[in-house]
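Participant: So that we are looking at the same thing, I have put the structure below in C-alpha coordinates.
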Amino acid sequence: MPLLEKYAGRDAYYVLTRINDAVVTYQLTAGGERRLASAGVSAGQHFERALLLDLYRTGDAYAPGHEFPEAVRANQLSLDLAGDPSPESAFPTCDGCRSVIDLHLELTGSRGARSAHLHCPSCRATPTAIADTSIPLTLLSRSLVTRLFGDLEVATRSANVIRYVSLLDAEFVQRWDAVRKQRATVQSQLFEGEALGGLGLG
Ligand SMILES: [Zn+2]
Ligand SMILES: [Zn+2]
(Lines give C-alpha, C1' and ligand atoms only; values in the text may rest on other atoms or scores of the structure.)
(Ligands and ions follow the chains in the order given, each with its own letter.)
Protein backbone atom coordinates (compact mmCIF):
# COMPACT_ATOMS: atom_id res chain seq x y z
CA MET A 1 0.00 0.00 0.00
CA PRO A 2 1.16 3.55 -0.64
CA LEU A 3 2.68 5.42 2.29
CA LEU A 4 2.13 9.12 3.02
CA GLU A 5 5.25 10.90 4.24
CA LYS A 6 6.05 14.48 5.22
CA TYR A 7 9.19 16.27 4.06
CA ALA A 8 11.53 16.86 6.98
CA GLY A 9 12.29 20.53 6.30
CA ARG A 10 9.01 21.85 4.92
CA ASP A 11 5.28 21.71 5.22
CA ALA A 12 4.70 19.39 2.29
CA TYR A 13 3.92 15.73 1.78
CA TYR A 14 4.81 12.99 -0.68
CA VAL A 15 3.72 9.42 -1.32
CA LEU A 16 5.91 6.36 -1.66
CA THR A 17 4.78 3.22 -3.37
CA ARG A 18 6.23 0.23 -5.14
CA ILE A 19 5.35 -0.34 -8.80
CA ASN A 20 7.02 -3.01 -10.94
CA ASP A 21 9.66 -3.57 -8.23
CA ALA A 22 10.71 0.09 -8.15
CA VAL A 23 9.97 2.56 -5.35
CA VAL A 24 8.20 5.55 -6.87
CA THR A 25 7.83 8.99 -5.24
CA TYR A 26 4.61 10.82 -6.02
CA GLN A 27 4.47 14.55 -5.33
CA LEU A 28 1.13 15.96 -4.20
CA THR A 29 -0.62 19.17 -5.11
CA ALA A 30 -2.12 21.21 -2.25
CA GLY A 31 -5.48 19.78 -3.32
CA GLY A 32 -4.12 16.24 -3.12
CA GLU A 33 -2.78 16.85 0.40
CA ARG A 34 -6.18 18.22 1.44
CA ARG A 35 -8.06 15.22 0.04
CA LEU A 36 -5.88 12.74 1.94
CA ALA A 37 -6.12 14.81 5.13
CA SER A 38 -9.90 14.98 4.87
CA ALA A 39 -10.00 11.19 4.45
CA GLY A 40 -8.12 10.91 7.74
CA VAL A 41 -4.79 9.81 6.25
CA SER A 42 -1.85 11.38 8.07
CA ALA A 43 1.92 11.26 7.65
CA GLY A 44 3.48 7.88 8.33
CA GLN A 45 0.32 5.97 7.42
CA HIS A 46 -0.37 3.50 4.64
CA PHE A 47 -3.52 3.96 2.61
CA GLU A 48 -5.44 2.19 -0.12
CA ARG A 49 -3.93 2.18 -3.58
CA ALA A 50 -7.32 3.23 -5.00
CA LEU A 51 -6.91 6.67 -3.43
CA LEU A 52 -3.50 7.16 -5.05
CA LEU A 53 -4.91 6.03 -8.41
CA ASP A 54 -7.65 8.61 -8.07
CA LEU A 55 -5.20 11.37 -7.10
CA TYR A 56 -3.05 10.34 -10.05
CA ARG A 57 -5.81 10.47 -12.65
CA THR A 58 -6.95 13.91 -11.46
CA GLY A 59 -3.36 15.22 -11.54
CA ASP A 60 -3.22 15.68 -7.75
CA ALA A 61 -0.42 13.12 -7.50
CA TYR A 62 2.37 13.06 -10.08
CA ALA A 63 5.72 11.36 -10.49
CA PRO A 64 8.19 13.90 -11.92
CA GLY A 65 11.06 11.50 -11.44
CA HIS A 66 13.36 13.43 -9.13
CA GLU A 67 13.96 11.41 -6.02
CA PHE A 68 14.47 13.25 -2.77
CA PRO A 69 16.99 12.19 -0.13
CA GLU A 70 14.23 11.61 2.38
CA ALA A 71 12.62 9.13 0.04
CA VAL A 72 15.66 6.89 -0.06
CA ARG A 73 14.81 5.20 3.20
CA ALA A 74 11.73 3.86 1.45
CA ASN A 75 13.91 0.97 0.41
CA GLN A 76 13.96 -0.20 3.99
CA LEU A 77 10.21 0.07 4.42
CA SER A 78 7.69 -2.59 3.74
CA LEU A 79 5.54 -1.06 1.07
CA ASP A 80 2.51 -2.30 -0.76
CA LEU A 81 1.57 -5.06 1.62
CA ALA A 82 -0.58 -7.81 0.18
CA GLY A 83 -4.32 -7.45 0.35
CA ASP A 84 -4.84 -4.14 -1.40
CA PRO A 85 -7.92 -4.57 -3.60
CA SER A 86 -6.45 -2.42 -6.41
CA PRO A 87 -3.48 -4.17 -8.07
CA GLU A 88 -0.29 -2.19 -8.81
CA SER A 89 -0.89 -3.11 -12.46
CA ALA A 90 -3.73 -0.54 -12.40
CA PHE A 91 -1.06 2.16 -12.80
CA PRO A 92 -0.42 3.04 -16.44
CA THR A 93 3.25 2.66 -17.43
CA CYS A 94 5.49 3.57 -20.37
CA ASP A 95 4.82 1.33 -23.38
CA GLY A 96 8.56 1.20 -24.02
CA CYS A 97 10.07 0.39 -20.64
CA ARG A 98 7.34 0.13 -17.94
CA SER A 99 8.51 3.28 -16.13
CA VAL A 100 5.79 5.33 -14.40
CA ILE A 101 7.80 8.57 -14.39
CA ASP A 102 6.51 11.70 -16.15
CA LEU A 103 4.34 9.92 -18.72
CA HIS A 104 3.01 11.62 -21.85
CA LEU A 105 0.24 10.52 -24.17
CA GLU A 106 1.83 10.45 -27.61
CA LEU A 107 0.25 10.24 -31.04
CA THR A 108 2.20 9.04 -34.05
CA GLY A 109 1.32 8.25 -37.67
CA SER A 110 -0.99 9.96 -40.10
CA ARG A 111 -4.76 10.23 -40.21
CA GLY A 112 -6.43 6.86 -40.41
CA ALA A 113 -3.36 5.00 -39.14
CA ARG A 114 -2.67 7.12 -36.09
CA SER A 115 -1.73 5.32 -32.89
CA ALA A 116 -1.59 6.36 -29.26
CA HIS A 117 1.03 5.32 -26.69
CA LEU A 118 2.26 6.33 -23.27
CA HIS A 119 5.97 7.19 -23.07
CA CYS A 120 8.45 8.20 -20.37
CA PRO A 121 11.12 10.92 -20.95
CA SER A 122 13.84 8.54 -22.16
CA CYS A 123 11.55 6.69 -24.57
CA ARG A 124 10.26 10.06 -25.86
CA ALA A 125 13.85 11.00 -26.69
CA THR A 126 14.31 8.00 -29.01
CA PRO A 127 14.61 9.42 -32.56
CA THR A 128 12.43 6.67 -34.06
CA ALA A 129 9.67 7.45 -31.56
CA ILE A 130 9.26 11.19 -32.12
CA ALA A 131 5.54 11.91 -31.87
CA ASP A 132 3.40 14.56 -33.58
CA THR A 133 1.49 15.14 -30.38
CA SER A 134 2.86 14.72 -26.87
CA ILE A 135 0.80 15.73 -23.84
CA PRO A 136 1.66 15.20 -20.15
CA LEU A 137 -0.94 12.98 -18.48
CA THR A 138 -1.24 15.54 -15.69
CA LEU A 139 -2.83 17.94 -18.20
CA LEU A 140 -5.35 15.45 -19.61
CA SER A 141 -8.95 14.89 -18.66
CA ARG A 142 -11.55 12.38 -19.89
CA SER A 143 -13.23 14.98 -22.12
CA LEU A 144 -9.93 16.12 -23.63
CA VAL A 145 -8.89 12.53 -24.39
CA THR A 146 -12.24 11.79 -26.01
CA ARG A 147 -11.97 14.92 -28.16
CA LEU A 148 -8.36 14.19 -29.16
CA PHE A 149 -9.12 10.60 -30.17
CA GLY A 150 -12.16 11.73 -32.16
CA ASP A 151 -10.68 14.82 -33.85
CA LEU A 152 -7.40 13.14 -34.73
CA GLU A 153 -8.95 9.81 -35.71
CA VAL A 154 -6.76 7.66 -33.51
CA ALA A 155 -7.01 4.12 -34.87
CA THR A 156 -5.00 2.10 -32.35
CA ARG A 157 -4.36 2.48 -28.63
CA SER A 158 -1.63 0.71 -26.69
CA ALA A 159 -2.46 -1.42 -23.64
CA ASN A 160 -1.29 1.40 -21.37
CA VAL A 161 -3.44 4.00 -23.12
CA ILE A 162 -6.44 1.70 -22.61
CA ARG A 163 -5.44 1.27 -18.95
CA TYR A 164 -5.13 5.04 -18.54
CA VAL A 165 -8.52 5.74 -20.14
CA SER A 166 -10.20 3.14 -17.95
CA LEU A 167 -8.63 4.88 -14.95
CA LEU A 168 -10.18 8.16 -16.11
CA ASP A 169 -13.53 6.37 -16.28
CA ALA A 170 -13.19 4.72 -12.88
CA GLU A 171 -15.43 5.64 -9.98
CA PHE A 172 -13.55 6.22 -6.75
CA VAL A 173 -16.05 8.18 -4.66
CA GLN A 174 -17.13 5.13 -2.67
CA ARG A 175 -13.53 4.22 -1.88
CA TRP A 176 -12.83 7.64 -0.35
CA ASP A 177 -16.04 7.41 1.67
CA ALA A 178 -15.10 3.96 2.95
CA VAL A 179 -11.62 5.10 4.04
CA ARG A 180 -13.01 8.26 5.65
CA LYS A 181 -15.61 6.31 7.65
CA GLN A 182 -13.19 3.61 8.70
CA ARG A 183 -10.57 6.13 9.88
CA ALA A 184 -13.15 8.30 11.63
CA THR A 185 -14.25 5.25 13.62
CA VAL A 186 -10.67 4.45 14.63
CA GLN A 187 -10.08 8.10 15.59
CA SER A 188 -13.18 8.31 17.78
CA GLN A 189 -12.26 5.05 19.51
CA LEU A 190 -8.79 6.42 20.24
CA PHE A 191 -10.26 9.69 21.47
CA GLU A 192 -12.73 7.95 23.78
CA GLY A 193 -9.93 5.81 25.15
CA GLU A 194 -7.83 8.89 25.95
CA ALA A 195 -10.72 10.78 27.49
CA LEU A 196 -11.58 7.93 29.80
CA GLY A 197 -7.95 7.49 30.73
CA GLY A 198 -7.68 11.19 31.58
CA LEU A 199 -10.64 10.99 33.91
CA GLY A 200 -9.23 7.97 35.60
CA LEU A 201 -12.16 5.88 34.42
CA GLY A 202 -10.36 3.85 31.76
ZN1 LIG B 1 10.06 4.43 -21.27
ZN1 LIG C 1 5.16 3.37 -28.44
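The values are calculated or read from the model by the stated rules, or taken from the named source; none is laboratory data. This structure is a prediction, so every number in the text was calculated from the model and none was measured. Quick reminder, even Gly has a Cβ in these numbers, built from the backbone with ideal geometry, and neighbours come from all protein chains shown. The area values use the complete protein model at the heavy-atom level, side chains included, leaving out ligands, DNA and RNA. Shrake-Rupley method; radii C 1.70, N 1.55, O 1.52, S 1.80 Å.
Participant: How big is the accessible area of Leu148 in square angstrom, nearest 10, if you roll a 1.4 angstrom probe over the protein chains?
Facilitator: About 30 Å², ignoring ligands and nucleic acids.
Participant: How would Ser42, Ser110, Ser158 line up by accessible area, probe 1.4 Å, largest first?
Facilitator: Reading off the accessible areas and sorting them downward yields Ser110, Ser42, Ser158.
Participant: What are the residues whose amide H is under 5 Å from the amide H of Ser99, where those residues sit 5 or more places off or on another chain and H is modelled from the backbone?
Facilitator: Residues meeting the amide H criterion: Cys94.
Participant: Here's something else I'd like to know. If you check each cysteine of the chain for another cysteine whose beta-carbon is under 4.7 Å away, which ones come up empty?
Facilitator: So, Cys97, Cys123.
Participant: Hey, another quick one. Tell me the mean residue ellipticity at 222 nm calculated for the chain from its helices only (DSSP H runs of n ≥ 4, each -39500 (n - 2.57), averaged over every residue, nearest 500).
Facilitator: Value at 222 nm, helices only: -10500 deg cm²/dmol.
Participant: So, with a 1.4 angstrom probe, what is the percent of accessible area on the chain that is carbon and sulfur?
Facilitator: Roughly 55 percent, rounded to a whole number.
Participant: Among residues other than His104 whose Cβ falls under 14 Å from its Cβ, what is the net charge (Lys/Arg +1, Asp/Glu -1)?
Facilitator: -3
Participant: What Kirkwood hydrodynamic radius, in Å, does segment 1-54 give when the mean of 1/r is taken over all pairs of distinct Cα atoms and then inverted?
Facilitator: Evaluated over segment 1-54, this radius sits at 11.3 Å.
Participant: Sticking with this one: Suppose R0 equals 41 Å. What FRET efficiency, 1/(1 + (r/R0)^6) with r the Cβ-Cβ distance, do Ala43 and Ile135 give to the nearest 0.05?
Facilitator: Once the sixth-power term is evaluated, E becomes 0.80.
Participant: Counting alpha carbon pairs within less than 8 Å and at least 6 residues apart, what relative contact order, in whole percent, applies to the chain?
Facilitator: Dividing the mean separation by the residue count of the chain yields 20 percent.
Participant: Moving on. With only Lys, Arg, Asp and Glu charged, each at its Cβ (+1 for the first two, -1 for the last two), find how big the charge dipole of the chain is about the Cα centre; round to the nearest 20 debye.
Facilitator: Here the size comes out at about 260 debye.
Participant: May I pose another question? For segment 152-166, list residues with backbone N below 19 Å from a point placed 7 Å from the Cα of Ala113 toward its Cβ?
Facilitator: 152-158
Participant: Here's another thing I want to ask about it. Through the Karplus equation 6.51 cos²θ - 1.76 cosθ + 1.60, θ set to phi - 60°, convert the phi angles of segment 131-146 into ³J(HN,Hα) values in whole Hz; use x for Gly and Pro.
Facilitator: Karplus values, whole Hz, x for Gly and Pro: 9, 6, 10, 9, 10, x, 4, 4, 9, 8, 9, 4, 5, 5, 4, 4.
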